[in-house]
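Enquirer: Before I ask anything, let me first share the structure, which is written out below as structure tokens.
The values are calculated or read from the model by the stated rules, or taken from the named source; none is laboratory data. Model, not experiment: these values are computed from the prediction. Here Cβ is always computed from backbone atoms with ideal geometry, including for glycine, and neighbour counts include all displayed protein chains. Heavy atoms of the whole protein, side chains included, go into the accessibility calculation; ligands, DNA and RNA do not. Shrake-Rupley method; radii C 1.70, N 1.55, O 1.52, S 1.80 Å.
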Amino acid sequence: MTPVTTKQQIILSGNRPTGRLHLGNYTGALENWVALQQDYRCYFMVADWHVLTTDYEHTPQIPDNTREMVLDWISAGLDPETSTIFVQSHIKEHAELYLLLAMLISTARLERNPTLKEQVRDLKIDEGEEGMSYGHLGYPVLQAADILIYRAHVVPVGEDQLPHIEITREIARKFNRLYGEVFPIPDGKLTKFARFPGLDGRRMSKSLGNTIELADSPETIQTKIKTAFTDPQRKRRQDPGRPEYCLIYTYWQKFQPLTAPEIYEACTTAKIGCVECKQRVGQAIADYLAPLREKRKALEAKPGAMEEVIHAGDAKARAAAVETMTEVRERMHIG
Ligand code: TRP
Ligand code: SF4
């Protein structure tokens, strides 16, 4: 039985809505969330305001991307009865807390944020005419508001998000010191498979076009797997391969670990060729994802099902956020 004490602990995490999720999103975060929901009171948030910090020119796709992402969340096992699944922009209290917390951190501290520096480099933001927006600089302050408004203790995230958790902790400490103990100091919790390889061996990422999506059909998975990189030194069928240099072997380890030793043996002794190995791992992935695909199909068949989940989640999130904000306003002697 789950001890009551852990269920008292609160988790909040979120993702920007980018549409359908891929195996990298699954192993990097979602799978972990599904496991954690048994032991914690969980809030899972669609961070749609956070999309605007970099992508304010492309707003029409946000509703579809939100819907597709939540469909994947639930298909993968997030349970809307157990966890609170909601949309950031529906809970306006986040914006109020964001404004208040913005007073508690210096611009110099935000400019030192390594995740921001990486984005500036990757997106070439400083080369554009306009440079970085005020909202983009404040990205971690909004994230702090997301976390603190639910008084979360634990925030499961990828490595790139740890600097934002550190900023959240600093803001929470400063608030507590100035106005009284309102917020727990949250801990980041890293996921195991932070970097999952895509079909070209680089990190699996939508922008790199090297993904297998959770909703891909078995046929699509096979077509994509055919293009995957393998051990570059294995040129001919009779050459032995090196599974440790082959991303297909990583897929075996993840999606059918019991067969992995057999594949290792067959590869290193050239008993199996890459064409067959890929075909079989494609099947293993398709089998692994079959229950997700079925769940998705059932959900898609029910009109309004996603809207209902979000509506119910919003109500639960709002109740908690309103309560925190009442206390925050009292403590700060403001509005
Ligand atoms: N910044 C996170 C990301 O890009 C998304 C996010 C927004 C988030 N608010 C959050 C994650 C609060 C954890 C907690 O993935
Ligand atoms: Fe990779 Fe399989 Fe080919 Fe070995 S046989 S190199 S594991 S694809």
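Enquirer: For the chain, take the longest principal axis of its alpha carbons; what is the angle in degrees between that and the long axis of helix 162-179, to the nearest 10 within 0 to 90?
Expert: 20
Enquirer: Report the relative contact order of the range 216-297, percent, no decimals, based on alpha-carbon pairs under 8 angstrom and at least 6 residues apart.
Expert: 35
Enquirer: While we're looking at this one, here's another question. Considering only the other residues whose Cβ falls under 13 Å of the Cβ of GLY282, what net charge follows from Lys and Arg at +1 and Asp and Glu at -1?
Expert: 0
Enquirer: If I compute solvent accessible area with a 1.4 Å probe over the protein chains, what percent of it on the chain is carbon and sulfur?
Expert: 53
Enquirer: Gap in Å between the Cα centre of the range 224-238 and the Cα centre of the range 62-94?
Expert: With the range 62-94 and the range 224-238 each reduced to a Cα centre, they are spaced 38 Å.
Enquirer: Which angle from 0 to 90°, rounded to the nearest 10, does the C-alpha axis of helix 139-148 make with the longest principal axis of the chain?
Expert: So the inclination is approximately 80 degrees.
Enquirer: Restricting to the chain, compute how many DSSP beta bridges are antiparallel as a %, nearest 5.
Expert: Given both bridge residues lie in the chain, the antiparallel proportion sits at roughly 10 percent.
Enquirer: Using modelled amide H (1.01 Å from N, peptide plane; none on Pro or chain starts), what sits under 5 Å from the amide H of GLY188, excluding residues fewer than 5 places away?
Expert: For GLY188, the qualifying residues are VAL155.
Enquirer: If you don't mind, another one. Decide, for the range 256-335, between rounded, prolate and oblate: order the square roots of the alpha carbon gyration tensor eigenvalues as a ≥ b ≥ c, take rounded if a/c falls under 1.5, and otherwise choose prolate if a/b is larger than b/c, else oblate.
Expert: Cα axes put the range 256-335 in the oblate bin.
Enquirer: When all alpha-carbon pairs of the chain are counted, what percent fall beyond 39 Å?
Expert: It works out to 21 percent of all Cα pairs.
Enquirer: Oh, and also: Please state the relative contact order of the chain as a whole percent: Cα pairs under 8 Å, 6+ residues apart?
Expert: Relative CO of the chain lands at 22 percent.
Enquirer: Could you point to the residue in HIS311, VAL46, LEU97 farthest towards the positive end of the chain's charge dipole, with +1 and -1 charges on the Cβ of Lys/Arg and Asp/Glu respectively?
Expert: Value computed over the given set: VAL46.
Enquirer: How many angstrom lie between the Cα centre of the range 154-215 and the Cα centre of the range 98-114?
Expert: 18
Enquirer: How much FRET efficiency would the formula 1/(1 + (r/R0)^6) give for HIS311 and VAL275, where r is the Cβ-Cβ distance and R0 is 51 Å, rounded to 0.05?
Expert: For HIS311 and VAL275, the calculated efficiency is 0.55.
Enquirer: Another question, then. Please label the shape of the range 109-193 as rounded, prolate or oblate, based on the square roots a ≥ b ≥ c of the eigenvalues of the alpha-carbon gyration tensor (a/c under 1.5 means rounded; beyond that, a/b larger than b/c means prolate, else oblate).
Expert: oblate
Enquirer: List, in order, the whole-Hz ³J(HN,Hα) value for each residue of the range 207-220 obtained from phi through the Karplus relation with A = 6.51, B = -1.76, C = 1.60 and θ = phi - 60°; use x for Gly and Pro.
Expert: Working through the residues one at a time gives 5, 8, x, 10, 9, 10, 8, 4, 8, 4, 6, x, 5, 4 Hz.
Enquirer: Still on this structure, I have one more. Enter the angle in degrees (range 0 to 90, nearest 10) between the Cα long axis of helix 114-123 and the first principal axis of the Cα atoms of the chain, meaning the one along which they spread out most.
Expert: Orientation of helix 114-123: about 60 degrees from the principal axis.
Enquirer: Add +1 for every Lys or Arg and -1 for every Asp or Glu among the other residues with Cβ under 12 Å from the Cβ of ARG112, and state the total.
Expert: Counting the neighbours of ARG112, the net charge comes to -1.
Enquirer: Summing +1 for each Lys or Arg and -1 for each Asp or Glu, what net charge is found among the other residues whose Cβ lies under 15 Å from the Cβ of ILE11?
Expert: 0
Enquirer: As I understand it, the dipole of the range 216-297 uses +1 on the Cβ of Lys and Arg and -1 on the Cβ of Asp and Glu, about the Cα centre. Which of ALA266, ALA228, ILE285 lies farthest toward its positive end?
Expert: Result: ALA228.
Enquirer: Moving on. Applying a 10 Å radius around every beta-carbon, put 10-17, 250-257, 236-243 in order of their mean neighbour count, most first.
Expert: Most protected by this proxy first, the peptides run 10-17, 250-257, 236-243.
Enquirer: While we're on this one: Let me spell out the model: positive unit charges on the Cβ of Lys and Arg, negative unit charges on the Cβ of Asp and Glu, origin at the Cα centre of the range 216-297. What dipole size does that give, in debye rounded to 20?
Expert: Its charge dipole is roughly 240 debye.
Enquirer: If ligands, DNA and RNA are left out, what is the accessible area of LYS206 with a 1.4 Å probe, given in Å² to the nearest 10?
Expert: Around 110 Å² of this residue is reachable by solvent.
Enquirer: For the range 53-202, what class follows from the C-alpha gyration tensor (a ≥ b ≥ c being the square roots of its eigenvalues): rounded when a/c is under 1.5, otherwise prolate if a/b is larger than b/c, else oblate?
Expert: Since a/c stays below 1.5, the shape of the range 53-202 is classed as rounded.
Enquirer: Taking H placed 1.01 Å from N in the peptide plane, check which residues at least 5 places from ILE85 or on another chain put their amide H under 5 Å from its amide H.
Expert: PHE44, GLY313
Enquirer: What number of lysine-lysine pairs in the range 216-297 show an alpha-carbon separation below 20 angstrom, given a sequence spacing of 8 or more or placement on distinct chains?
Expert: Taking the range 216-297 as the scope, the lysine pair count is 9.
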